[in-house]
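Take a look at the structure below.
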Amino acid sequence: MSTESAPIANNFLRSIIEEDLKNGKHSTIITRFPPEPNGYLHIGHAKSICLNFGLAKDFGGRCHLRFDDTNPAKEELEYIESIKESVAWLGFEWGEHLYYASDYFEQLYQWAEHLIKSGKAYVEDLTAEEIRAHRGTLTEPGKESPWRNRPVDENLDLFRRMREGEFPDGSKVLRARIDMASPNMNLRDPVLYRILHATHPHVGDKWRIYPMYDFAHGQSDAIEGITHSICTLEFEGHKPLYEWFLDNLPVPSRPRQYEFARLNLTYTVMSKRKLHELVSSKTVSGWDDPRMPTLMGIRRRGYTPDAVRTFCERIGVGRSDSWIDMSILEECVREDLNEHAPRVLAVLRPIKVVIDNYPEGLVEEFEAANHPQKPEMGSRKVSFSRELFIEEDDFMEQPPKGFFRMTPGIEVRLRYAYIVRCTGVVRDVNGNLLEVHCEYDPASRGGSAADGRKIKGTIHWVSAGHSVDAEVRLFDRLFGDPNPDRGGADYKQFLNPDSVEILPAAKVEAGLAGADIETRYQFERLGYFRPDPVDSSDGKPVFNRIVTLKDTWSKK
RNA sequence: UGGGGUAUAGCCAAACGGUAAGGCAACGGACUCUGACUCCGUCAUCUCUUGGUUCGAAUCCAGGUACCCCAGCCA
């Protein structure tokens, strides 16, 4: 975990907590991250995780991980495991505070009976369609159900029989008896329980009725003693209901809900439905495709937890809808990796270079720094010989103005090795470039000219006989448009056709043959890469490009 | 045309009646054996808008405008 102490930006949640602590409303704070295990976590969840766990940590409180598992029709064990893994990967610990809303089902059930007994809930016989028709619209009040004034005893009897499994799915629901004319739709007698003959991923076949989110969330918070229940903006309209339950039930504590704006990121999509579509249509290779905004994808790509946390810190938190530019996320990884990634030489699109005046058969070894700014990271030896590979982009026969890489007649430095001058090229009958020929300056051993002359360009290389083959996967943004989600149009039309490019014949320095799967490298002058954790092997290394280096040259 | 929210630079975001922080981006320059990194400098007379209160307003008041959320037995 990074120890840099960047000043913590103030935000409205911190202000509220500071105030609550100062005036004694709370002596400690307890937050919670409450995912529904119905899918994999994405970068938007990371914002919530960092907020909840981060706030708790900063103020000396704690944060619970609680699965909001009230809908067995959509939830799976696999998601529970994956979510735990992702939260842990991000660097947060819930310790013993792992909870499931489903563990509170008995208590919730008792509270439902409590509402029935106090005349504040009733069993509804209307169908889903009828309920909808009775609900009214945004501008018209709803109509009361004919079952709204059922006697308490009958409600109790029916509700108990619902629990016993006497009725089929959808035949009845339990509703709160609040106000069918409320301007807040959430208060028009919301459904509390529905009948679902389904096996639950956590509690199995214990229940035939399941509470709705609204009836479970606030009470779960109260049971756990949550002080600050932080959720996204769309739940704001639910707050009056959240509080209605706390007011009308003998709950053990009084949590308070606060809302913040969810994360929107440019050049990607975040909705579960669309992410699902990308996977099922095979547009991407899976939930962990390195282009996906899922935490699994980001992780496989090579992003570090530190970078993601920095990102969440940097974007701040507010209550206005906002779109964060993808470049901020990218900059966060660069910052982290620039600091920690060992440097290495790799050639993605090799072209052959022959140094005509270099002795045939001679092999020299040069000392290359693992991190030029950090001598403590040590160095390694790289082999040099008469035949090398350099980057296709680093050679031009007729360069534009300002090009200071390899070009006929001009000296260029081969990083850590020698200064060379291109003397010509060899082409095949079709005009394809076969080889670039050079002459080297023997007095520039190590890369510095004996006479101190300045060499403008330095390029990376790899010895033909001392490098290993590798596959390199270049990832780019999944969408070509900053807002693929934007209204109306089909987001798929904005898919970036070049979001992945496979380079099957890259050459990397020999030391990378058995590269550690968890090590992120900087391929000098190219970007940051890491071995793909699923496809890479010692025999055939596969590298994922995490992010490019900034490139002020290609921009011009 | 119901209710609930939100408007500060290209993108985020501070400010709590006392004279517009910070980050990212951008632009200029220095340095450089990575066109990277690092470093220096520039970047809102102004806070959606129109009025009002005040010695003083992004902050308070009144009226507009724009955008977001709510009519699942989803969360």
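The values are calculated or read from the model by the stated rules, or taken from the named source; none is laboratory data. Just so it is clear, the structure is predicted and the values come from calculations on it, not from any experiment. All Cβ positions, even for glycine, are placed from backbone atoms using ideal geometry, and neighbour counts span all protein chains on display. These accessible areas exclude ligands, DNA and RNA; they are computed on the full protein's heavy atoms, side chains included. Shrake-Rupley method; radii C 1.70, N 1.55, O 1.52, S 1.80 Å.
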Which one of these is hydrophobic (A, V, I, L, M, F, W, C), over 16 Å from A:M296 (Cα atoms) and in a helix (DSSP H, G or I): A:I17, A:I83, A:I49?
-> A:I17
Check A:G447, A:G452, A:G457 and return the single one that is open to solvent by less than 30 Å² (accessible area, probe 1.4 Å) and on the phi > 0 side of the Ramachandran plot.
-> A:G447
Residue identified as outside the structural domain of A:I195 (by TED's automatic domain parsing) and either of a type in the set (A, V, I, L, M, F, W, C) or out of contact with any Leu (no Cβ under 7 Å at 6 or more places or on another chain) (or both) among A:G91, A:G142 = A:G91
Enumeration of residues in segment A:229-278 that are among the small types (G, A, S) and touching a Gly at 6+ places or on another chain (Cβ under 9 Å) | A:S229, A:S253, A:A261
So how many residues does segment A:111-146 have that are open to solvent by 50 Å² or more (accessible area, probe 1.4 Å), away from RNA strand B (no atom under 11 Å from the Cβ) and assigned to a loop (DSSP other than H, G, I, E, B)?
-> 5
Taking segment A:439-455 and the residues there that are in a helix (DSSP H, G or I) and among the small types (G, A, S), the one that is farthest from RNA strand B (Cβ to nearest atom) would be A:A443
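Each row is one residue, and each column tells you yes or no for (1) within 13 Å of RNA strand B (Cβ to nearest atom); (2) touching a residue at least 24 places away in the same chain (Cβ under 8 Å); (3) open to solvent by 10 Å² or more (accessible area, probe 1.4 Å); (4) more than 29 Å from A:A341 (Cα to Cα).
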{"site": "A:I230", "(1), (2), (3), (4)": "no, yes, no, yes"}
{"site": "A:K239", "(1), (2), (3), (4)": "yes, no, yes, yes"}
{"site": "A:R254", "(1), (2), (3), (4)": "no, yes, yes, yes"}
{"site": "A:R273", "(1), (2), (3), (4)": "yes, no, yes, yes"}
{"site": "A:M292", "(1), (2), (3), (4)": "no, yes, no, no"}
Taking segment A:163-172 on its own, how many of its residues are part of a loop (DSSP other than H, G, I, E, B) and either near RNA strand B (Cβ under 9 Å from one of its atoms) or open to solvent by 60 Å² or more (accessible area, probe 1.4 Å) (or both)?
-> 6
On the given criteria, is A:S220 within 14 Å of RNA strand B (Cβ to nearest atom), at pLDDT 95 or above, open to solvent by less than 30 Å² (accessible area, probe 1.4 Å) and not in a helix (DSSP H, G or I)?
-> no
Residue list for segment A:372-395, filter: out of contact with any Leu (no Cβ under 9 Å at 6 or more places or on another chain), assigned to a loop (DSSP other than H, G, I, E, B) and surrounded by 14 or more Cβ atoms within 10 Å (Cβ to Cβ) = none
Please find, among A:R175, A:R194, A:R150, A:R160, the residue that is in a loop (DSSP other than H, G, I, E, B) and either in contact (Cβ under 8 Å) with a residue 12 or more places away in the chain or surrounded by 13 or more Cβ atoms within 10 Å (Cβ to Cβ) (or both).
-> A:R150
Scanning for something open to solvent by less than 10 Å² (accessible area, probe 1.4 Å) and either within 12 Å of RNA strand B (Cβ to nearest atom) or of a type in the set (S, T, Y) (or both), does segment A:55-66 turn up at least one residue?
-> yes
Residue pairs qualifying under the 6 Å Cβ cut-off, at least six apart or on distinct chains, with the first in segment A:324-340 being touching a residue at least 12 places away in the same chain (Cβ under 8 Å) and the second being within 8 Å of RNA strand B (Cβ to nearest atom), are A:I324/A:I315; A:D325/A:T266; A:M326/A:T266
